[in-house]
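K.L.:
Quick one: the structure is below, and I'll ask about it shortly.
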Amino acid sequence: MIELQTVTPFFEDKQELLEEILGRYPDYGRRSAVMPLLWEVQRAERYVSEARVAEIAAILDLHATEVKGVMSFYSTYHGEPVGRWHLQVCSTLSCKLAGADELCDHLEERLGLVPGETDAEGRFSLQKVECLGSCTTAPVLQVNDTYYERVTRGRLEELLEALARDEQPAPWRERHGDNEALGGAPMAGNAAKAPAQAADAAANDEEGGA
Amino acid sequence: MADAVAERPKPITSRHDPRFEVTLYRYVGVEGAHTLDAYLEHGGYEAARKALASEPGQIVNTVKASGLRGRGGAGFPAGVKWSFMPPVDGRQRFIVCNADESEPGSCKDRYLMEDDPHQLIEGMLIAGWAIQATKGVLYIRGEYWHAYERLTGAIEEARARGYLGANVLDSGFAFDIVVHRGAGAYICGEETALMNSFEGLRANPRLKPPFPAQAGVYGLPSTINNVTTLASVPHIVEKGADWFSAMGTDDSKGIHHVQISGAVARPGVYEVPMGISYREIIHDLGGGPSSPAKAFIPGGTSCPLFPYDDEHLDMPMDFSAVAKAGSMLGTGAVIVIPEDQCIVDAMYNVTRFYAHESCGKCTPCREGVSTWMPQMYRKLLSGRGTPEDVDVMEDVAKNLRGTAFCPLADAAAWPIQASLQYFRNEYEHLAQHGTPLHPRKDRWLA
Amino acid sequence: MAGVKVRINDATIHVDPGTSVIDAVFAAGHDVPYFCSQEYMSPVGACRMCLAKIGAPRKDRATGDWILDEESGEPKVFWFPNPMATCTTQVMEGMVVDTLSKEVKRAQSGMVEFTLINHPLDCPTCDKGGACELQDRAYEYGSGLSRFEFDKRHQEKHHALSELITLDRERCIHCKRCVRYFEEVPGDKVLDFIERGGHTYIGTLEDGLPSPFTGNITDICPVGALLDSTSRFRGRNWEYDHTETTSLDDPGGAALTVDARTGRIERVKAGLNPEVNKTWIDDGTRFGHEYVDAADRITMPLVRRDGELVPVSWEEAAQVVAAGLSKVDPKAIGVAIRADATLEEGVAATALARQLGTGRLDHAPRPPASVIPDGAAATMSDVATSDALFVVGDPTEEAGIVDLRIKDALKGVAPPELMAHGVPIADLRLKERMPRKAEILTVAAPYRTSLMKHAGQAHVTPAGGEAALLKALAALAAEQAEAPTEEPEGDASGASAAAWDDTVGMTREQAQALLDRLRAGSAPVMIWSGFVSADPDADEAARTLAKAVGAKVLILGPMANAYGLERIGVLPSHDRYDYASMLSGEAKALILSQLDPAQDPKVAKRLGELDLLVVHTSFPNATAALAHVVLPARTGFEKEGVTVNAEGRMLPVRPAPVEAGAAADLTGTVKRLGEALGVRMDGRSVRSARRVLRKMLNVDPAELPAAGQLLELPRRASRRARALRAVAGAEGRALVVPSMVRIEHLDRNPKLRAEHGDAALRLNPADAHAHGLTAGEIVILTVGGLPRRLRVVTSDGVPDGLWLVPALPDQPVGLYPADPSALRRARGETAEVA
């Protein structure tokens, strides 16, 4: 039996947060709160222990087994602590075509970890994840909640060095396609097209349009 | 009348068409465009005002007339889906935005949510009005943290200034949105699994019927739409159904977002009219293959690949045309596969994705997709495979078609079948020689 | 012909609308394989084994006519593009189902192949072998060859989910029957899938499986993943003799299948009785069979010679008894049997008492009030279809299956109609996680019971206060019935409101809500048991209340055949000749069957002074230790006879082939005594007893229908005895409470005991602290004269000052005096009580 008496409940001093989360859902849908509650624990403690699972179950009037069943279904709740910097390497096709396999191999060697492991100091952990939804700026690495896009060899090194110093750089966000770079001027009509297309458009106009 | 018919303008099916204007993605990439003030400055929430002053049924008809089809991959006509909602009977109703974008190759929803969140909020608001749902559920994949922050910030702004809440824009209509984060499961993109996940259950898909309109979120009438589908709604209301249906083909109207990745010079998201050819997408917008290409995936990895040839490049981005050619339009995520990429290795990568994401509810997917297929690929790729193995893979893929509880098994098996259809030689090479026709090369850029 | 017309292969049949295609397939005499479907549970379409090719005609949208096939002129069949799961597809008019074509066979063998790829080749050592649905389906529908050559998934193979259930995770085929069972049947969600995809496995985070109905998952698991630990490795399924019988564990009357081999009972499984227990039994019944084979089983008659009990033949023992009886005044002879004896044994006991010329005849435990309803009696189906239930007591512990039938009612789905193939395999009305109508259930009990979690209204009422509560409710109902059109207002309501005393356990508003619900219901049912029956005033008030609200009544007696034995009159000719009086010194000779009153030292002293004490028992006990003659008794698994459950339903009891030496039930005993006395008594055999029963009850016990036979209610109410116990005024009152697990057998049921723990003394933590008791320690507490060895358990659900002790046949449910200062610690030391 989980001895909650020996572990201070996580939400004991976070009543406002708890109320806010529970308040997002109707009474008959209280169970919906299980995911955000799990995430709060995951984020703060880097994993969700059995004691926390039991605590969340008690809050929502569920069996601990039900909460565990939900928690274990997903890739981003962990039963064992992840590192201070949890490196999630996107490994699906677009990123693979941009070198994700090599990137992951490199990280394994560099950090001395295999995917699923956390290092002894609890600083880095490594996980191969599936498509992160940034396929046009591949390869992509997610560190905790932040996306680092277009992680080339050189840029990875600078990222790792910063993390080793316990500094998390701002996200590397890029926009490609219609908006070549962040902070571009507001677009309107044809002028919004990428230069190459605008040239094409002009050429096509001359030829009578598509 | 004949004259009117003859004079009906040609549909817009190319980016080169001067009539085409980037609309949904107009402010993506623009710093500061995500704020309410910025949104209002360029006419934000005017469409909502207009909608709230009309009958809900009218809005449904407008969306029906526009020809808007779901942009999450299934392509179901949005207006028709809205009309499935039962008459208002006092029970709570929900409009659910499926922002669990996880189809490999897809990233169009993310930028929209990060840089122009109010557009989506306005779309949900109008959709809520149309189907008389006072609650919006925005289910966003957990990894999209930045988008989540932008959305919640935008919702707070909207609430504070009367664009959401008990009395939206003084219309008497109450509408609010709860944003619920996923936690890393592709299956949550399936609408019934999404609802189970939202309800705090394991995210297995549900039986249909009953359909969400009859028994959805918490068993209550609900409609689920994709991000871009909903984000199109304000523009349709503002500019009219005809504006939308002037773009695209007979079968597939309006605006689409192509996400090009893989071996192309200019990967990125491009807003295009439906009906645009794959050639225009890959060559014009994408800048052409960065190295000789041999195949491309037309709409996300759930869609069988095509060989990179004229016949397939000239195909328009149109639901029925792509279906007729033996694949699907899907989410419009185009992945270009270079000549020197072993197809077997690429398909193993894709198979491993489905293996990891299988929910485990039904036998063929849990055992076939999640266990057996990856093992067969590994055997082949490790050099220990035989020609009989290739036959078994083909047969197992066939057994996975149409037998599982939800389409995930089909999404895994159909592309495998296509890869065998067009690139069997690569499988056989591995089976006979133990080495790939195209050995692995380092693709990681310096 | 009414119904929906469906063609299955070559057979055209009509079925009710709403029927699943899989049930239509079986009703038509065809079959498809299935794993995840289970009678009485929601269909889910997960295993994909039941795939068939399905087509249906369509109507033209414009005309509303069937679209016709141009050639044949018949409605055209539009085939669905993919094979469909027949368990989750509803029949449609004109539907055509193909289960025999190559396409379907390929799908079926494909699904078998997938199911087998990670399934370990354990058949040679797996308990399920020979009764395994996977073996059978693989043989019937598989291709015979597996192409899978890789390493199978490895997982834990001997995981003890509890002391009673072993889980082999590798064998699990993820049909989800067990997970769905826990949510849908007892409502205890203690088991779930963990992880996803190919890594999925079954597990729990609870301590063991905290539910009293866990064992049913070992019945429904289609493979050898979930196994009954009491029978693990004890035999192969084809070696077992399967005996269909009825449980004598409690008054529910659940059907059982008892598996025996080489003279031992190895396993008890649930039997099927759609009218009573459906296909479920409780854990006390299922796992509490090991005692039958305990080493100290008495298998020969014993006679005391020179102070020692020595084995003798039946003839000799009978002679000793006959001789002893001849020396005693007949009026001083007493005959008492236990309340789980069969009716035939009841007839035998009655005949014996008559032959001996004594009116001292009784069965025990027997509450002061009758356990037979007057007027409208509720069946289990009535309970399961009720829309307003009022429960007074703890039926979960008194007769486990009643708890499950109550939970059926909360779903609001009536039991299914039986089809040609029996209970429907896939009842589409059942869904996962159906909403429950808790508001239809009100529970009142002297402590917090597990059933209260499911009730819309739950009241912990004062122990011994059932009479006050029921009287108040009956009075309120009567008052409102007298003046139905008058709205209680002003002084009138003020007067009755003032008269209501909240200390009965509920407020007037709550009482009113309850009455309104019962009266408004179209099928109200009241269920009560030991706490009410222990007080004739409470029982009378309950009957009055039931009549007032038009509720059918189900009364749960203390043991299996309480209804039956009362019904056939195994009762003293006068109240002063009852069982209690037999023990108080008024009898000089006693013949006791399966009773052990000498646990009470005062009674033991009196029994020691009897001229003749004959004890008919299966095991040595305190009373047998004082006996002049001990006769070996059969247990409830070894008898042939009938029993009558709380519904008044006669059910068959059949003997499993157990090696029990010369043990006999009471009919066999009476036969021997008759021979010694030179008379032929009724009840000297099952046949002769049944002649009596046939005449008395107008039912033939030898020709019972499959679901048993409901008896007509008796024309006269049976006689009631005086109250046996008074409510104690002393501090620390002991409430003897019902127990699903038979405490008297606990020491001889090692696995059940390991799971359940020793008999518990339950009190709330503050009380425990005040008396210096710590949870887990063993104490000896004298309750109503009986020293009880108990383990201290603290629970918030127990009201202050009330101590809960589980019942024994010799100490039935009710309030007893108990003095905490008389409590001893188990080692014999006197406790220092604060």
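K.L.:
If a/c stays under 1.5 just call it rounded; otherwise compare a/b with b/c (prolate if a/b is bigger, oblate if not). Do that for the stretch B:181-234, with a ≥ b ≥ c from the square roots of the Cα gyration tensor eigenvalues.
P.N.:
Details: a/c = 2.02, a/b = 1.17, b/c = 1.72.
Because a/c hits 1.5 or more and a/b fails to exceed b/c, the stretch B:181-234 counts as oblate.
K.L.:
Further question: For the stretch B:10-245, with equal point scatterers placed on the C-alpha atoms only and solvent neglected, what are the log10 I(q)/I(0) values from the Debye formula at q = 0.11, 0.12 1/Å, to two decimals?
P.N.:
Values, matching the q order: -0.51, -0.61.
K.L.:
Dimensions of the stretch B:255-384 along principal axes (Cα, Å, largest first)?
P.N.:
41, 31, 24
K.L.:
Roll a 1.4 Å probe over the protein chains and send me the accessible area per residue for chain B in Å². Can you show the working numbers first?
P.N.:
Details: 14040 Å² over 446 residues.
Per-residue value: 31 Å².
K.L.:
Give me the percent of the accessible area of chain B that comes from carbon and sulfur atoms, probe 1.4 Å, all protein chains in place. The partial results should precede the final answer.
P.N.:
Details: 7440 of 14040 Å².
C and S atoms contribute 53 percent here.
K.L.:
Next question. Working from the pairwise distances between different alpha carbons, so that the mean of 1/r is found and then inverted, what is the stretch C:4-100's Kirkwood radius in Å?
P.N.:
Working: mean 1/r = 0.0719 Å⁻¹.
Across the stretch C:4-100, the inverse of the average 1/r is 13.9 Å.
K.L.:
On to the next question. Given a Förster distance of 35 angstrom, what is the FRET efficiency for B:R378 paired with A:E50, based on the Cβ-Cβ distance and rounded to 0.05? Walk me through the numbers before you get to the answer.
P.N.:
Working: r = 34 Å, r/R0 = 0.97.
Efficiency computed from Cβ-Cβ geometry: 0.55.
K.L.:
Then there is this: About its Cα centre, what dipole magnitude does the protein assembly as shown give when the only charges are +1 on Lys and Arg Cβ and -1 on Asp and Glu Cβ, stated in debye to the nearest 20?
P.N.:
Working: 158 positive and 205 negative charges, 827 e Å.
Here the protein assembly as shown has a charge dipole of around 3980 debye.
K.L.:
Something else: Of the listed peptides C:779-791, C:734-746, what is their order by residue-averaged count of other C-beta atoms within 10 Å, with the highest listed first? Before the final figure, lay out each step's value.
P.N.:
Numbers: C:779-791: 18.7, C:734-746: 22.9.
Result, highest mean first: C:734-746, C:779-791.
K.L.:
If you count only protein heavy atoms with a 1.4 Å probe, what accessible area per residue comes out for chain C, rounded to a whole Å²?
P.N.:
Details: 32030 Å² over 834 residues.
So chain C comes to 38 Å² accessible per residue, rounded to a whole number.
K.L.:
How about the stretch C:82-131: which of its residues lose at least 50 Å² of accessible area in the presence of all protein chains relative to their chain isolated, using a 1.4 Å probe?
P.N.:
C:R106, C:F114
K.L.:
Continuing with this model, one more query. Ordered by residue, what ³J(HN,Hα) values in Hz, to whole numbers, does the stretch C:704-711 give under the Karplus form 6.51 cos²θ - 1.76 cosθ + 1.60, where θ = phi - 60° and Gly and Pro are x?
P.N.:
Those phi angles translate into 7, x, 3, 8, x, 9, 6, 7 Hz.
K.L.:
Here's something else I'd like to know. For n ≥ 4 DSSP H runs only, could you compute -39500 (n - 2.57) per run for the protein assembly as shown, divide by its residues and tell me the 222 nm figure to the nearest 500?
P.N.:
Numbers: 47 runs with 462 residues, N = 1490.
It comes out at -9000 deg cm²/dmol, rounded to the nearest 500.
K.L.:
On to the next question. Show which aspartates and glutamates lie in cross-link reach of C:K157 when reach means a straight Cα distance below 15 angstrom and same-chain residues fewer than eight apart are skipped.
P.N.:
C:D122, C:D127, C:D168, C:E170, C:D228
K.L.:
Can I ask one more? By per-residue mean of other Cβ atoms within 10 Å, what is the highest-first order of C:174-185, C:517-528, C:600-611? Before the final figure, lay out each step's value.
P.N.:
Values: C:174-185: 23.1, C:517-528: 21.2, C:600-611: 16.5.
For the peptides C:174-185, C:517-528, C:600-611, the packing ranking is C:174-185, C:517-528, C:600-611.
K.L.:
With unit charges on the beta carbon (Lys/Arg positive, Asp/Glu negative), name the residue among B:S106, A:A162, B:A74 whose Cα is farthest towards the positive pole of the charge dipole of the protein assembly as shown.
P.N.:
Going by the charge dipole, the pick is B:A74.
K.L.:
Continuing with the same structure: Report, to two decimal places, the Cα Rg of the protein assembly as shown normalised by 2.2 N^0.38 Å (N = number of residues).
P.N.:
Dividing the Cα Rg of the protein assembly as shown by 2.2 N^0.38 Å gives 1.06.
K.L.:
Another question, if that's okay. So how far apart, in nm, are the two label points at C:F233 and C:A770 if each is 7 Å from Cα heading toward Cβ?
P.N.:
5.0 nm
K.L.:
P(r) for the stretch C:733-822, please, calculated from all Cα pair distances in 10 Å bins and given in %.
P.N.:
18, 54, 27, 2
K.L.:
Same structure, new question: Leaving out same-chain residues fewer than 8 places away, which lysines sit with a Cα under 25 Å from that of C:K53?
P.N.:
By straight Cα distance, C:K53 reaches B:K208, B:K324, B:K361, B:K398, C:K5, C:K76, C:K102, C:K105, C:K176, C:K431.
K.L.:
Looking only at other chains, what is the average number of their beta-carbon atoms within 10 angstrom of each beta-carbon in B:192-205? Each step should come with its number before you reach the end.
P.N.:
Working: counts 0, 0, 0, 0, 4, 5, 5, 7, 16, 9, 14, 5, 7, 0.
Across B:192-205, the average partner-chain Cβ count within 10 Å equals 5.
K.L.:
Scan around C:E777 for amide H atoms under 5 Å from its own, H built in the peptide plane at 1.01 Å from N, and keep only partners 5 or more places away or cross-chain.
P.N.:
Here C:V792 satisfy the definition.
K.L.:
Continuing with this model, one more query. Determine ³J(HN,Hα), in whole Hz, for all residues of the stretch C:276-288 in sequence, where each value follows from phi through the Karplus function 6.51 cos²θ - 1.76 cosθ + 1.60 and θ = phi - 60°; x replaces Gly and Pro.
P.N.:
Along the stretch C:276-288, the couplings run 10, 10, 6, 10, 10, 9, 8, 5, x, 5, 6, 9, x Hz.
K.L.:
Between B:G254, A:V67, B:I416, whose Cα lies farthest towards the positive end of the dipole of the protein assembly as shown when Lys and Arg beta carbons carry +1 and Asp and Glu beta carbons carry -1, centred on the Cα centre?
P.N.:
Checked the options; the winner is A:V67.
K.L.:
Please list, in order along the stretch C:188-205, the HN-Hα scalar couplings obtained from phi with the Karplus expression 6.51 cos²θ - 1.76 cosθ + 1.60 (θ = phi - 60°), rounded to whole Hz, x for Gly and Pro.
P.N.:
9, 8, 9, 9, 7, 6, 10, 6, 9, x, x, 8, 4, 8, 8, x, 9, 10
K.L.:
Roughly what % antiparallel, to the nearest 5, for the DSSP beta bridges in the stretch C:733-822? Write out the running numbers ahead of the final one.
P.N.:
Working: 12 of 21 bridges.
Of those bridges, close to 55 percent are antiparallel.
K.L.:
Taking amide hydrogens as modeled 1.01 Å from N in the peptide plane, which residues meet the under 5 Å criterion relative to B:V179, leaving out close sequence neighbours?
P.N.:
Distant-sequence amide H within range of B:V179: B:L138.
K.L.:
Calculate the dipole size of the stretch C:595-644 relative to its Cα centre from +1 charges on Lys and Arg beta carbons and -1 charges on Asp and Glu beta carbons; express the result in debye to the nearest 20.
P.N.:
Numbers: 5 positive and 6 negative charges, 19 e Å.
Here the size comes out at about 100 debye.
K.L.:
Using amide H atoms built in the peptide plane, which far-off residues or other-chain residues are under 5 Å from B:G262 H to H?
P.N.:
Those lying under 5 Å, H to H, from B:G262 are B:V336.
K.L.:
Which of the three applies to the stretch C:403-470, rounded, prolate or oblate, going by the alpha-carbon gyration tensor with a ≥ b ≥ c and a/c under 1.5 meaning rounded? Working shown, then result.
P.N.:
Working: a/c = 3.74, a/b = 2.57, b/c = 1.46.
Prolate, because a/c is 1.5 or more and a/b exceeds b/c.
K.L.:
Which lysines, on any chain, are close to C:K588 with Cα under 18 Å apart, when same-chain ones fewer than 8 places away are left out?
P.N.:
In chain and number order, the partners are C:K327, C:K331, C:K602, C:K605.
K.L.:
Given R₀ = 35 Å, what would the calculated FRET efficiency be for C:D69 paired with B:D395, taking r from the Cβ atoms and rounding to 0.05?
P.N.:
Working: r = 34 Å, r/R0 = 0.96.
Efficiency computed from Cβ-Cβ geometry: 0.55.
K.L.:
Work out the mean other chain Cβ neighbour count within 10 Å for the residues of B:143-153 and drop it here as an integer. List each step's numbers first, then the result.
P.N.:
Numbers: counts 14, 5, 6, 5, 1, 1, 1, 0, 0, 0, 0.
For peptide B:143-153, the averaged partner shielding equals 3.
K.L.:
Going by the alpha-carbon gyration tensor, a ≥ b ≥ c the square roots of its eigenvalues, is chain B rounded (a/c under 1.5) or, if a/c is not under 1.5, prolate (a/b greater than b/c) versus oblate? Spell out each step's value before the answer.
P.N.:
On the way: a/c = 1.95, a/b = 1.51, b/c = 1.29.
In terms of gyration-tensor shape, prolate.
K.L.:
Follow-up question, since we're still on this one. Using R₀ = 51 Å, calculate the FRET efficiency as 1/(1 + (r/R₀)^6) where r is the Cβ-Cβ separation of A:T152 and B:H433; round to 0.05.
P.N.:
On the way: r = 34 Å, r/R0 = 0.66.
According to the calculation, E is roughly 0.90.
K.L.:
Averaged over its residues, how many other protein chain Cβ atoms are within 10 Å of peptide B:170-182's Cβ atoms? Write down the numbers at each step before the final one.
P.N.:
Details: counts 0, 0, 0, 0, 0, 0, 1, 0, 6, 2, 6, 4, 5.
What the average comes to for B:170-182 is 2.
K.L.:
Label 7 Å along Cα→Cβ of C:Q510; the stretch C:529-543 residues with amide nitrogen under 19 Å?
P.N.:
C:529, C:531-532, C:542
K.L.:
Any idea of the accessible area per residue across the stretch A:15-73, 1.4 Å probe, to the nearest Å²? Don't skip to the answer; put the middle values down first.
P.N.:
Details: 2320 Å² over 59 residues.
Normalised by residue count, the accessible surface of the stretch A:15-73 is 39 Å².
K.L.:
Please give the helix B:227-239 orientation as an angle from the longest Cα principal axis of chain B, in degrees from 0 to 90, rounded to the nearest 10.
P.N.:
With both axes taken from Cα atoms, the answer is about 40 degrees.
K.L.:
Another one. Give, as a single signed number, the net charge of other residues whose beta carbon lies under 14 Å from the beta carbon of C:G505, with Lys and Arg counted +1 and Asp and Glu -1. List each step's numbers first, then the result.
P.N.:
Numbers: positive: C:R448, C:K471, C:R508; negative: C:E466, C:D501, C:D502, C:E509.
Combined, the nearby Lys, Arg, Asp and Glu give -1.
K.L.:
Which value, in Å to one decimal place, does the Kirkwood hydrodynamic radius take for chain C when every pair of different Cα atoms is included?
P.N.:
Values: mean 1/r = 0.0345 Å⁻¹.
It works out to 29.0 Å.
K.L.:
Set Lys and Arg Cβ to +1 and Asp and Glu Cβ to -1, take the dipole of chain C about its Cα centre, and tell me which of C:N698, C:G757, C:S101 lies farthest positive.
P.N.:
Going by the charge dipole, the pick is C:N698.
K.L.:
To the nearest 100 Å², how much accessible surface do chains A and B cover up together, summed over both, with a 1.4 Å probe? Please list the in-between numbers first.
P.N.:
Numbers: alone 12680 and 18620 Å², together 24740 Å².
Counting both chains, the buried surface is close to 6600 Å².
K.L.:
For the stretch C:153-282, taking Cα atoms only, what is the radius of gyration to one decimal and the Dmax to the nearest whole Å?
P.N.:
Rg and Dmax of the stretch C:153-282, Cα atoms, are 15.1, 45 Å.
K.L.:
Tell me the label-point distance for the pair A:A120, C:D747, using the 7 Å Cα-to-Cβ offset, in nm and rounded to one decimal.
P.N.:
With each label placed 7 Å out from Cα toward Cβ, I get 5.7 nm.
K.L.:
Now for a separate question. When the dipole is taken about the Cα centre of the stretch B:343-433, and only Lys, Arg (+1) and Asp, Glu (-1) are charged at their Cβ, what size is it in debye, to the nearest 20?
P.N.:
Numbers: 9 positive and 11 negative charges, 56 e Å.
Value, rounded to 20: 260 debye.
K.L.:
Put a dot 7 Å past each Cα toward the Cβ at C:T262 and C:D796; how far apart are the dots in nm?
P.N.:
Rounded to a tenth, the inter-label distance reads 5.1 nm.
The values are calculated or read from the model by the stated rules, or taken from the named source; none is laboratory data. This one's a predicted model, so the numbers in the text were calculated from it and none came from an experiment. FYI the Cβ positions are ideal-geometry reconstructions off the backbone, even for glycines, and counts take in every protein chain you see. All accessible areas refer to the heavy atoms of the entire protein, side chains included, with ligands and DNA or RNA removed. Shrake-Rupley method; radii C 1.70, N 1.55, O 1.52, S 1.80 Å.
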